[in-house]
Each structure stands twice: as structure tokens, then as C-alpha cells.
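Okay, so here's the structure we're looking at.
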Amino acid sequence: MQIDLNSGIMLVGVVQGLFLALTLAVQKQGPRLANFFLIGLLLSFVLALLVHWLTLSDAWEAHPHLYLLGSPVIFLFGPMLYFYVRQLSNPSALLRPVHLTHLLPYLLNLAAFLPLFMLEPDALVDRLIQAPTTTGRVALLPMLKLLAVTTYTVMALGILRHHHRRITAFYANIEAINLRWLKTLTFAFLSLETFLIIVLVSGADLSQLPGRADTALAAFIVLLIFLTGFKGMHQPALFRGVDTDLFTALGATVRPVKKVVRSEMGADEIARLDARLEQLFREEQIHLDPILDMRKLAHKARVTTHKLSHYLNEHQGHSFYDYVNSHRLAHAKVQLLGSDDAILDIAYASGFNNKATFNKAFKKETGLTPSEFRLKNQ
């Protein structure tokens with residue numbers, strides 16, 4: 001058995017994936033069903049990396065059945081990622097028996113290999129060695145595998161975009177539930193898949209990549225596993241379920257907003273809502289409440305959430321998130337120019353939950369950081 005830099009990197013990825021899967025499995029709190037799919041994704045990675053490690057270290061002939069078992073595992077990447085994103089963004093989503101059909105590509109591949117699994121190790125090695133190669137041309141099965149996982153990845157990104165629209169329609173502070181880290185991770189998957197598709201279409205042979213390129217590819221694959229661990233440990237909801245109740249409430253309350261026709265909000269009702277919101281934001285300064293959400297504002301304004309959402313979108317041209325934070329930024333500007341308070345104190349006093357979010361929102365609106373704005377206007 002030979003262990004060089006590439007195979008060593010893969011072995012590190014196997015150990016890391018097993019550690020993360022075990023860490024998730026022993027957690028008693030958190031999004032259990034979502035974590036079940038993440039464990040499945042990590043174990044799928046582990047199996048794929050293990051097979052690749054066996055290949056790189058010339059040890060696959062000693063474990064041909066394990067090599068065969070892992071060869072179609074890429075068909076599990078897509079469903080595990082998709083359902084993980086689906087359950088994490090909406091814990092109330094139901095799983096039905098029909099969803100088991102997403103496992104069919106992997107199971108059908110295993111079924112096709114069943115005669116090979118019945119062979120003795122030496123006979124199986126001979127059969128695998130004698131199998132025709134696909135070097136130099138587009139291989140149909142590898143291409144199908146990549147297209148399948150890429151389709152699921154794109155679907156997962158669609159769910160994350162929809163999730164972002166839902167939370168900005170109902171919440172003013174979204175840092176704990178925006179799943180931005182997961183979007184970054186999913187884009188990383190998509191980048192890798194796109195690269196591999198290009199390699200297949202071009203007819204290149206990954207085994208013939210220059211040493212440094214092969215090492216870089218191996219490191220990138222393992223980095224995805226490390227990224228899951230790093231981001232997860234900086235997103236408490238992933239491992240410890242800190243925000244489980246918030247996610248559950250999100251899944252239960254954030255539904256597609258029903259279409260409210262203009263005739264249901266006459267000119268008088270719109271005028272009353274204008275006046276009531278003016279009172280709430282100018283006199284009561286409700287936007288300074290860091291946990292303000294759509295339900296609370298609708299209750300204070302004495303309208304339904306559907307009508308308030310319609311009013312904000314159709315008559316103000318803003319989502320709830322943008323509408324509330326525009327008032328928070330206006331308050332922050334006054335404080336920046338009228339006091340010597342620290343920027344972090346002003347951010348909290350204006351209703352923001354952290355300085356990073358405040359700085360990003362402030363620069364998006366003004367083109368300046370809060371410090372630059374204060375310096376320029378003093």
C-alpha cells in the first residue's frame with residue numbers, strides 16, 4: 001500500500017467526515033431530521049473518499065467489494081444535500097413514501113452490480129481489471145451521475161433562495177436563520193460539479209492530471225467536509241439546535257402570502273394604515289425592537305399579516321426586512337452625527353443584532369461604512 005500526498009489528504013477527509021457524522025449523531029437537540037440527512041451526506045462523502053483513497057493507494061484490489069459498493073455513491077450526494085436543505089429551511093416539511101424514489105438511482109446501480117458482489121474477491125478483481133475503460137471520450141454513466149447531483153444542487157439553491165424571500169417577508173433580523181453558510185457550501189458543491197462535467201465533456205482523464213492539479217482537486221473535495229464542520233461550529237443551530245424553535249416557527253408561519261387584491265384595501269384603509277405605521281415608527285419607534293417581526297407589527301397596526309405584507313410590497317415597494325431596517329438606519333444616522341457613542345452601541349440601540357450586519361446594511365444604503373459616514377459629515 002502506497003500513501004502519497006493525494007491519498008493522505010483523502011484519508012484525512014475520511015476521518016474528518018466520520019468525526020462530524022458521529023458528532024451529529026450523538027446530539028440530542030437540534031433539527032434531528034435535517035441532521036439525519038446531513039449525516040447521510042457526510043457518510044456518502046466518506047464512502048466516496050474511501051474508494052478514491054483505495055484507488056490512489058493501490059489498495060482497492062484488497063477490498064474489491066467495498067470499491068464496488070462505493071462506485072455509485074455519488075447518486076446519494078444530490079438527494080442527501082437536497083433533503084438536508086429542505087428540512088433545515090422548513091422543519092415542518094413532511095416526508096412521504098414517494099420520496100424514497102430519490103434513492104432509486106443508487107439502488108438500481110447496486111442491483112446491476114449484484115452478480116459481481118457474488119464473486120470471490122480474486123474473481124471480482126479480475127472482472128474489474130478486464131472492464132472496458134472510458135478514457136478519452138464522454139463516459140455516459142459518470143456523466144449521468146454528475147448531471148444528477150448537479151440537478152439536485154441547483155434545486156437546493158432554489159430552496160435557499162425561496163427561504164431568503166420568506167424570512168425577509170416576516171423578519172427584520174435574519175442573521176440566525178438566513179443559512180448563508182449553507183448557500184456558500186452549496187455553491188462550492190456546484191463549482192466542483194461544474195468542473196468535473198467540463199473535464200468529462202473535454203474527454204480528459206482525471207487520473208492523468210498533473211500532480212499539483214490532482215492534489216488541488218483532492219484538497220478541494222476534502223475542504224468541503226472541513227467547511228461543513230467549520231461553518232457548522234459557527235452556526236449553533238446545526239449542532240446544538242439553539243434556533244430550533246425559531247426554525248420550527250418559521251416553517252409553521254411563513255407560508256406563501258395569499259394574493260390580496262387592491263379592492264380589499266380601499267383608499268380609507270390604506271390611509272389609516274399609513275397613519276398607524278407613522279405613529280408606530282415615528283412616535284413609538286417600534287423598529288428599535290430587535291425581535292420585531294411581521295406578526296408583531298401587524299398586531300400593533302391592527303391588520304392581518306397578509307394585508308400588511310401586501311401594503312409594504314405594493315404601496316411602499318419594500319419587503320418587511322427592508323422597510324424596518326430603513327427606519328433603523330435612519331435612526332442610526334442621527335445617532336452617528338449627534339452623539340459620540342461607539343458604533344456597536346449605536347447598532348444595538350438601532351435594533352440591529354450585531355455590528356457586521358449593521359455595517360453591511362449601512363454601506364449598502366449609503367456607500368460608506370458608519371465610521372466613514374460619521375467622519376465625512378462632521
- Message: Cβ-Cβ distance below 8 Å, separation of 6 or more or different chains: which pairs start in region 177-205 with a residue that is over 20 Å from SER44 (Cα atoms) and end on one that is outside any helix (DSSP H, G or I) and among the hydrophobic types (A, V, I, L, M, F, W, C)?
- Response: LEU200/VAL138; LEU200/ALA139; VAL201/VAL138; GLY203/VAL138
- Complete set of residues in region 337-374 that are more than 21 Å from ILE286 (Cβ to Cβ), aliphatic (A, V, I, L, M) and under 25 Å from the mean Cα position of the chain (by Cα): ALA356
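Within the group ASN377, ASN313, which residue is under 19 Å from HIS164 (Cα atoms) and open to solvent by 40 Å² or more (accessible area, probe 1.4 Å)? Quick ask: steps written out before the conclusion?
Details: ASN377 fails: under 19 Å from HIS164 (Cα atoms).
Answer to the check: ASN313.
Per-residue answers, yes or no, for (1) open to solvent by less than 10 Å² (accessible area, probe 1.4 Å); (2) in contact with a Phe, Trp or Tyr (Cβ under 7 Å, 6 or more places away or on another chain):
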residue	(1), (2)
PRO142	no, no
ALA156	yes, yes
ARG165	no, no
TYR171	no, yes
ALA176	no, no
- Could you give every pair whose Cβ atoms fall below 8 Å, whose first residue belongs to region 275-289 and is at positive phi, and whose second residue is in a helix (DSSP H, G or I), counting only separations of at least 6 or pairs across chains? GLN285/HIS331
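Determine if region 319-333 includes at least one residue that is exposed (fewer than 13 other Cβ atoms within 10 Å of the Cβ) and either in contact (Cβ under 8 Å) with a residue 60 or more places away in the chain or of a type in the set (S, T, N, Q) (or both).
At the first step, the residues of region 319-333 found to be exposed (fewer than 13 other Cβ atoms within 10 Å of the Cβ) are none.
Checked against the condition, which is being exposed (fewer than 13 other Cβ atoms within 10 Å of the Cβ) and either in contact (Cβ under 8 Å) with a residue 60 or more places away in the chain or of a type in the set (S, T, N, Q) (or both), region 319-333 yields no hits at all.
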- Message: Residue under question is VAL257, and the condition is that it be among the hydrophobic types (A, V, I, L, M, F, W, C), modelled with pLDDT under 90 and closer than 16 Å to ARG165 by Cβ; does it hold?
- Response: yes
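The values are calculated or read from the model by the stated rules, or taken from the named source; none is laboratory data. These figures come from a predicted structure and were not determined experimentally. Positions of Cβ are backbone-derived with ideal geometry, glycine not excepted, and every protein chain shown enters the neighbour counts. These accessible areas exclude ligands, DNA and RNA; they are computed on the full protein's heavy atoms, side chains included. Shrake-Rupley method; radii C 1.70, N 1.55, O 1.52, S 1.80 Å.
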